[in-house]
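Peer 1: Take this structure first; my questions come after.
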Amino acid sequence: MGKSISLDIAALVILTILLISCIFRKMTSGISNRIFLIIILITITATVFDITAVTLDNTQSTQTSVLYTAHAGYLITHYLTAPLHLLFVISLTDTWHKLKKNFAFQVVLVLPLAAVLIAFVANAGNHLVFSVENGYTRGPLFSLMYITTIMYVVFDIAYIIRYRKLFDFGKIIAISAVIPISVAAMMIQMLYPMHLVEMFCCAVSLLIVSIGIQRPEDYIDSFTQLIKHSAYAHDMKHAFANDKHVYIIMLNISNFRTVQSLIGFDAATQVLKKVADKIREINRRTHGYADLYYLDNGRFRMVFYGKNQEKTEEMAEVLNQELKKKTNYNGLDISLAPFIVLAHCPEEITDFKMLMSFGADFHIRNHYTGQVMHASELYDRNQLTIQNNIDSIIDRALENGSFQVYYQPIYSVKEGKFVSAEALIRLKDPQHGFISPETLIVAAEKSGAIHKIGEVVFEKVCQFIASKEFEQLGLDYIEINLSVSQIMNGDLPETLLSIMNEYKISPDKINLEITETAAAYAQRVMTENLEKLTLAGISFSLDDYGTGYSNMQRVIQLPLKIIKLDKSFVDENNNPKMWIVLKNTVKMLKDMNMEIVVEGVETQEMLDAFSKLKCDFIQGYYFSKPIPRNDFVEFINSANEAS
Ligand code: C2E
Ligand code: CA
Ligand code: CA
């Protein structure tokens, strides 16, 4: 009984359908699509050779030259799929430019293939690979094909592992599936030589790749027909991972939400389509050859590979002029506010996370001028790096105990001397330098690290208050800031009181500052916390008064001793109306028996003006910036000596 070709026929059917579907789905451009097409064509050829060879074997044909050609054709085309698969994997990782630079790796890649090809050419004379003289038999060099195939498989695996971050799990499975399937095919072939499963398994592997990797619906946005957000993220990740130079035109329509709420979702979608058409048209007209993406909420991206600054700038200008023109929709004139930013990566934006966080909201964080901007004009790179790494910066600081507390003296107008100070956190990161307390606190509130940080600050202040040198300063109390989440935490009173207990601190030495925003929440937990701590003898200040809603009811209800007038009052000192507000505010607060601190006083003039207004305390750069503990001790001592 001869070998059965039915599985080969099945393979041919699968491969033909695959080929047609690739063409219909327009998966023919781009290097990885092309390699994939070549693999399909080579596999079809191999299958045809296999069918021919087996049919000739089965009929015990005596036409040796035809038989030889069929077997050689099958073996060599089948063999080629291994290096081609590796090329396919390389193209998916987008690392051609690295391969081009690495000559040693090129040699390693080509050498096994060259050896096999030489062996095949020589085989015509020496029959060391196979022979068809007395039926098809394998020669001693046949194993060269197995050995080198294994080499390519090893390269495959190494490449996939090296660049695994560029693929999601499904894709890794899809491209790796060919390996176990081929091994299974070889084993089945050995056990059941009558059934030709190898080409069938090849076809199935290609089908899996096609389903798992080549899915246009994953990439194309159905409204705008541009490439989708997920693909943008994918492509940019690749670009940064491979040190590619890209210019990106980022277009965020800054009034998109307003437009959408004005004309409705469907009409806004039509507007987006028009914008997409315009971008496509400009890209064609200016020969930009950019990849075009639509992300979401009126955000578009045009990506240029290679160094092409002038072209990019030219296109951004054209785009800006065109999009600023009024468009008419159903009789309604719509003016878009296209905020366009040019980014050169990795020069201006150095990594993927930065690109995504910058692109998300530059149109919200910056004033829209109608001009094309450069990314570097809009942000402080160091600041963005800090934002991106703030969680690890905080963890490292907590681990190394590198948080510091600075003190800013507070002056009593009535007593004519310094009576207290505000404790302010400072962090100098070994890599990024000083981190602004605001950045720090906002991030720590999000991550939950604020509770630990709050304890660290509180304990350092208690340590200071408990010291001999503090006693000699003759200060009344130290003000310590509490963030919103700290005040909402039910464990706060116990934590603070136990630290105070440990250092034997009298509660009248502590004043806690809560912000006006926190007061606006006025939740049950916060009210309870304030009551418990007040009962324990601790006093409270309301910080940043005048910046928020200034809800009088809260000011009346909460047990507050001090109100801190925000720096913005001082900044507005040129406005006569502000002085009227201020005079009345001070009178009202005084009538309620509250003490008043003015923050942010920087000049003698302001000091005099606020002293006249009968504010009790003054804090600001005029006297001193926040300074380290030792400097603070020295500062107060010399001030006391002088008076
Ligand atoms: P804040 O509580 O309103 O603190 C006053 C801020 O104004 C401080 O900024 C201080 O350095 C600054 N300042 C004081 N006098 C002047 C002046 O005359 N001119 C100007 N331009 N600025 C002045 P800093 O230290 O950067 O702190 C910023 C904010 O971070 C604080 O605002 C506070 O909300 C928060 N913060 C600081 N330390 C802590 C802390 O230990 N815990 C909590 N929860 N928040 C803290
Ligand atoms: Ca404060
Ligand atoms: Ca303040």
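Peer 1: What is the set of long-range amide H partners of Asp429 at a cut-off below 5 Å, with H atoms built 1.01 Å from backbone N?
Peer 2: Phe434, Ile435
Peer 1: Something else: Using only Cα atoms, locate the centre of the range 124-203 and the centre of the range 237-272, then give the distance between them in Å, rounded to an integer.
Peer 2: Distance between centres, Cα-based: 46 Å.
Peer 1: Next question, about the same structure. Go through the range 447-554 and name the trypsin sites (Lys or Arg not before Pro) that are in a DSSP coil and have 11 or fewer other Cβ atoms within 10 Å of their Cβ.
Peer 2: Answer in residue order: Lys504.
Peer 1: Any idea what the relative contact order of the chain is, in percent, if you count C-alpha pairs under 8 Å spaced at least 6 apart?
Peer 2: 8 percent
Peer 1: Which residues in the range 611-631 have a backbone N closer than 20 Å to a point placed 7 Å from the Cα of Glu605 along the Cα-to-Cβ line?
Peer 2: 611-615, 618-624
Peer 1: Cα axis of helix 6-24 to longest principal axis of the chain: angle in degrees, 0 to 90, nearest 10?
Peer 2: Helix 6-24 sits at roughly 50 degrees to that axis.
Peer 1: Determine, from the Cβ-Cβ distance of Lys504 and Glu455 and an R0 of 22 Å, the FRET efficiency 1/(1 + (r/R0)^6), rounded to the nearest 0.05. Don't skip to the answer; put the middle values down first.
Peer 2: On the way: r = 18 Å, r/R0 = 0.80.
With a Förster radius of 22 Å, E is 0.80.
Peer 1: Still on this model: Could you give the length gained on full extension between Asp391 and Met578, defined as 0.36 nm per residue of separation minus the Cα-Cα distance, in nm?
Peer 2: 63.3 nm
Peer 1: Would you calculate the volume per residue, in Å³, of the smallest convex hull containing every Cα atom of the range 432-490?
Peer 2: 116 Å³
Peer 1: Around Val54, what is the net charge, scoring Lys/Arg as +1 and Asp/Glu as -1 over all other residues with Cβ under 13 Å from its Cβ?
Peer 2: Values: positive: Lys3; negative: Asp8, Asp50, Asp57, Glu198.
Once all neighbours under 13 Å are counted, the net charge is -3.
Peer 1: Taking loop as defined by DSSP and a crowding limit of 13 other beta carbons within 10 Å, which chymotrypsin sites (Phe, Trp or Tyr not before Pro) in the range 513-568 fit?
Peer 2: Hits after loop and neighbour filter: Tyr549.
Peer 1: Residues with amide H under 5 Å of Ile478's amide H, sequence separation 5 or more or different chain, H placed in the peptide plane at 1.01 Å from N; which?
Peer 2: Here the answer is Ile510, Asn511, since their amide H atoms fall under 5 Å of that of Ile478.
Peer 1: Scan the range 365-416 for trypsin sites (Lys or Arg not before Pro) in coil per DSSP, keeping those whose Cβ has at most 11 other Cβ atoms within 10 Å, and list them by number.
Peer 2: Qualifying residues, ordered by number: Lys414.
Peer 1: Next up: Separation between the Thr369 and Lys3 pseudo-spin-labels, each 7 Å from Cα along Cα→Cβ, expressed in nm?
Peer 2: Between Thr369 and Lys3, the label points sit 7.3 nm apart.
Peer 1: So, one more: So for the range 580-643, if I pair up every lysine 8 or more residues apart or on another chain, how many of those pairs have alpha-carbons under 21 Å apart?
Peer 2: 6
Peer 1: In nm, to one decimal, how far is the Leu113 label point from the Ser65 one, both placed 7 Å along Cα→Cβ?
Peer 2: Calculated label separation equals 3.0 nm.
Peer 1: Can you show me the helix-derived [θ] at 222 nm for the chain, built from DSSP H runs with n ≥ 4 at -39,500 (n - 2.57) apiece and divided by the number of residues, rounded to the nearest 500.
Peer 2: -18500 deg cm²/dmol
Peer 1: Can you tell me the orientation of helix 381-400 relative to the chain, as the angle in degrees between its alpha-carbon axis and the longest Cα principal axis, to the nearest 10?
Peer 2: 80 degrees
Peer 1: Then there's this: Within the chain, what's the longest run with no GluC sites (Glu not before Pro) in a DSSP loop and at most 13 other beta-carbon atoms within 10 Å? Give the range, please.
Peer 2: Answer from the scan: 1-346.
Peer 1: Just how far, in whole angstrom, is the range 279-335 from the range 597-631 if you go by their alpha carbon centroids?
Peer 2: 52 Å
Peer 1: Output wanted: per-residue J couplings in Hz (rounded whole) for the range 585-592, from phi through Karplus 6.51 cos²θ - 1.76 cosθ + 1.60, θ = phi - 60°, x for Gly and Pro.
Peer 2: Once θ is set to phi - 60°, the couplings for the range 585-592 become 4, 4, 4, 4, 5, 5, 4, 8 Hz.
Peer 1: Taking the Cα atoms only, what angle lies between the long axis of helix 629-642 and the longest principal axis of the chain, rounded to 10 degrees?
Peer 2: Around 20 degrees separate the two axes.
Peer 1: Here is a further query. Roughly speaking, what is the centre-to-centre gap between the range 372-398 and the range 402-439 when only Cα atoms are used, to the nearest Å?
Peer 2: Computed from Cα coordinates, the inter-centre distance equals 23 Å.
Taken together, the values in this text are just the output of simple stated rules run on the coordinates, not laboratory data. Everything numeric in this text was worked out from a predicted model, so none of it was measured. Positions of Cβ are backbone-derived with ideal geometry, glycine not excepted, and every protein chain shown enters the neighbour counts.
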